[in-house]
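Please treat every number below as a calculation from the coordinates, not as lab data. Every value quoted in this text rests on a predicted model; they were computed, and no experiment measured them. As a convention, Cβ positions derive from the backbone with ideal geometry for all residues, glycine included, and neighbour counts pool all protein chains shown.
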Amino acid sequence: LFHLYAKEWDLSRWRICLDSPMAIKATEVYVNNYPLMDDDFKRFTRLSSGQHPLLSSAEFVCSTEESIELNDIHKGLIIIAGSGMCNGGRIRNHFVHNLWRKEADIIICGFQAMGTPGRILVDGAEELTIHGQSIKVAASIHTVGGLSAHADQAELLSWYRHFEQSPAVILVHGELEAQQVLIEALNQDSANKPKNSAIAERGDCLDLNALPEFVWLNKASGSET
């Protein structure tokens, strides 16, 4: 979106840095395979200047040293850092240097799970603990919904229906309430009900060779359950 609205948002006065090695690698995949993108994507990203749409606005920050140098810049800088829920990666370091600054703005995109630093900030926390250090939250916190890359329940159900023979389903990610609702929806799907379904708990170990039957191996005792 940056290159599409650069003029409207007057972004020419800002330095925009993509400070996430993983995001940079992912972006390079798009850059190197741009001719393979569909027509809608190309229309959406086309620039009259002839510059590559994914390279026209952002500066790639690859090394740790380059990332640390951003700590000394206190205005005119937009940092795009990884870790969608703020629980790891370089965003943590940028929080240490900017979260306490009332002049700073933190924009959090996408869903934030309960208990994550991102959710804590969205819920209005006055402090955030990072690496054992309590940081006062003085920056303005903004949230942008609708940008999560995760599929919702309807999309997950549609995805599962493409599997043949209704394989077993073990949920290992997500909030418990949402997992329970998804398991119930899967089991009520007459078109493609799983042979078995379960929600994994912390410490569980599953024998994948035993599927579609479930053989849970307790990590602590090594016994079958």
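For the reader, a short list of remarks on this structure follows.
- For the chain, the antiparallel share of DSSP beta bridges with both residues in that region comes to about 35%.
- With contacts taken as Cα pairs under 8 Å and at least 6 residues apart, the stretch 11-144 reaches a relative contact order of 25 percent.
- Length gained on full extension, Leu206 to Lys75, computed as 0.36 nm times the residue gap minus the Cα-Cα distance: 42.1 nm.
- Cα lying deepest toward the dipole's positive end in the stretch 92-190, options Asn187, Ala168, Leu99, charges on Cβ: Leu99
- Among Ser12, Ser190, Ser63, the largest mean-square fluctuation in a Gaussian network model of the chain (Cα springs under 10 Å) belongs to Ser190.
- Long-range tail of P(r) for the chain (Cα pairs > 22 Å, %): 66 percent
- Amide N of the stretch 180-199 lying under 19 Å from the label point, which is placed 7 angstrom from the Cα of Val215 along Cα→Cβ: 195-198
- Neighbour net charge for Thr27 - beta-carbon separation under 13 angstrom, K R +1, D E -1: -2
- Only the Cβ atoms of Lys and Arg (+1) and of Asp and Glu (-1) were treated as charged; on that basis the dipole of the stretch 90-191 about its Cα centre amounts to roughly 540 debye.
- Choice from Leu211, Leu18, Leu70 with maximal GNM fluctuation in the chain (Cα, 10 Å cutoff): Leu211
- Mean-square fluctuations from a GNM of the chain, with a 10 angstrom spring cutoff on Cα atoms, peak among Cys109, Cys205, Cys86 at Cys205.
- The length gained on full extension between Trp100 and Thr129, counted as 0.36 nm times the residue separation minus their Cα-Cα distance, comes to 9.3 nm.
- In the chain, helices alone account for a calculated mean residue ellipticity at 222 nm of -7500 deg cm²/dmol, with every DSSP H run of four or more residues adding -39,500 (n - 2.57).
- Rounded D (µm²/s) - the stretch 11-144, Kirkwood Rh over Cα pairs, Stokes-Einstein at 25 °C, 0.890 mPa s: 150 µm²/s
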